[in-house]
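Colleague: Take a look at the following structure, please.
The values are calculated or read from the model by the stated rules, or taken from the named source; none is laboratory data. Since this is a predicted model, take the numbers as computed values, not measurements. Here Cβ is always computed from backbone atoms with ideal geometry, including for glycine, and neighbour counts include all displayed protein chains.
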Amino acid sequence: MKILPDLLKANPVFASFAPSELDDLVRLASTRSYLKGEKVILYGDVWPYLFMVKDGEIEAMKESGEGRILRVASFGAGELFWGLAFFHEDVAMPVTLGAREDSSLYLWERRDILPLLLRNGQASWELSRLMADRMQRASEILEGLAFQPVAGRLARLLLDNFETAGDSAISRNLTLDELAAHIGTTREMVCRALYSFSDKKLIEVTRTEFVLTDRVGLARLVERG
């Protein structure tokens, strides 16, 4: 496991900090641990923190009035995220943050770390670039929700997972509810789409795995969006 100084040096936002500034960051950081499923902060709360994931995985989620959940993003070891109140005082969180697995965070409160960021132009630039990347990713998610049907969104998610695994078979480590949260729909719609994929011989669904049998056919569903 990497220690905080190593994580800071490897992160573009802090890579330009002088050794004395890195020492200040380490001194100002607090550490908090969360069990799998535990909430870090709830939608609507004011949370003026910047955090770096020490270990585990944190996910950002939106919930509709009907109780549907959309998994907006996730952050692993060494990645940064923040509450809106870190940049705008008293602005509430637009998402709920929760631990997808047992996780630990390094946290910095706005009033402690802001002077360091303001003194370091390169750090501010890299943080702006990171925010732009996150905005682009959010735009892609919204575009998918607005213009791509459920089948296309699920097909894209499965293809991404097959590509990440580098294999034609992936473990069913996500529940139907979790798959639904990834693509902004319901478990019933996911179940229907999976049966449809299976009937069309695009994938084989077993008790423990999804097996890719027609990559081209699955990709066509994505293109139709």
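Colleague: If you take just the helices (runs of 4 or more DSSP H) that sit entirely in region 94-176, which of them hold at least 2 residues that are of a type in the set (D, E) and at pLDDT below 85?
Modeller: On the way: elements: 110-119, 121-147, 150-165.
Fully inside region 94-176 and qualifying: 121-147.
Okay, residues lined up against (1) over 30 Å from L194 (Cα atoms); (2) in contact with a helix residue (DSSP H, G or I) (Cβ under 8 Å, 6 or more places away or on another chain):
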position: I69; (1), (2): no, yes
position: A73; (1), (2): no, yes
position: V91; (1), (2): yes, yes
position: S124; (1), (2): yes, yes
position: L127; (1), (2): yes, yes
position: G152; (1), (2): no, yes
position: L157; (1), (2): no, yes
position: N161; (1), (2): no, no
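Colleague: Another question about this same structure. Residues that are closer than 25 Å to L114 by Cβ, in contact (Cβ under 8 Å) with a residue 24 or more places away in the chain and outside any strand (DSSP E or B): does region 66-77 have at least one?
Modeller: yes
Colleague: All but one of (1) surrounded by fewer than 15 Cβ atoms within 10 Å (Cβ to Cβ); (2) not in a loop (DSSP other than H, G, I, E, B) hold for V53; state the number of the condition that does not hold.
Modeller: Going through the list (1) surrounded by fewer than 15 Cβ atoms within 10 Å (Cβ to Cβ); (2) not in a loop (DSSP other than H, G, I, E, B), V53 breaks only (1).
Colleague: Do we find a residue being touching a strand residue (DSSP E or B) at 6+ places or on another chain (Cβ under 7 Å), buried (at least 18 other Cβ atoms within 10 Å of the Cβ) and farther than 22 Å from L22 by Cα anywhere in region 101-113?
Modeller: Yes, the conditions are met somewhere in region 101-113.
Colleague: Checking R137 against (1) in contact (Cβ under 8 Å) with a residue 40 or more places away in the chain; (2) under 18 Å from A73 (Cα atoms); (3) not assigned by TED's automatic domain parsing to the domain that holds G83: exactly one of these is not met. Which one?
Modeller: The one condition R137 does not meet is (3).
Colleague: Return a yes/no flag: does region 204-222 have any residue that is in a loop (DSSP other than H, G, I, E, B), closer than 12 Å to L154 by Cα and within 27 Å of the chain's Cα centre (by Cα).
Modeller: Taking every residue of region 204-222 in turn, none turns out to be in a loop (DSSP other than H, G, I, E, B), closer than 12 Å to L154 by Cα and within 27 Å of the chain's Cα centre (by Cα).
Colleague: Of all residues in region 78-98, which are among the hydrophobic types (A, V, I, L, M, F, W, C) and touching a residue at least 40 places away in the same chain (Cβ under 8 Å)?
Modeller: Scanning region 78-98 gives L80, V91, A92, M93, V95, L97.
Colleague: Tell me whether region 184-197 contains one or more residues that are among the aliphatic types (A, V, I, L, M) and modelled with pLDDT under 85.
Modeller: Checking region 184-197: not a single residue is among the aliphatic types (A, V, I, L, M) and modelled with pLDDT under 85.
Colleague: So, in region 114-130, how many residues would count as being surrounded by fewer than 12 Cβ atoms within 10 Å (Cβ to Cβ) and hydrophobic (A, V, I, L, M, F, W, C)?
Modeller: 1
Colleague: Taking the criterion of being touching a strand residue (DSSP E or B) at 6+ places or on another chain (Cβ under 6 Å), touching a residue at least 40 places away in the same chain (Cβ under 8 Å) and not in a loop (DSSP other than H, G, I, E, B), would at least one residue in region 10-24 satisfy it?
Modeller: no
Colleague: What is the one condition in (1) free of Cβ contacts under 8 Å to residues at least 40 places away in the same chain; (2) touching a Pro at 6+ places or on another chain (Cβ under 8 Å) that E109 does not satisfy?
Modeller: Condition (1) is where E109 drops out.
Colleague: Check off (1) more than 18 Å from the chain's Cα centre (by Cα); (2) surrounded by 17 or more Cβ atoms within 10 Å (Cβ to Cβ) for I58 and give me the number that stays unchecked.
Modeller: Going through the list (1) more than 18 Å from the chain's Cα centre (by Cα); (2) surrounded by 17 or more Cβ atoms within 10 Å (Cβ to Cβ), I58 breaks only (1).
Colleague: Mind checking which residues of region 25-54 are among the basic types (K, R) and without any contact (Cβ under 8 Å) to a residue 24 or more places away in the chain?
Modeller: Answer for region 25-54, where residues must be among the basic types (K, R) and without any contact (Cβ under 8 Å) to a residue 24 or more places away in the chain: just R27.
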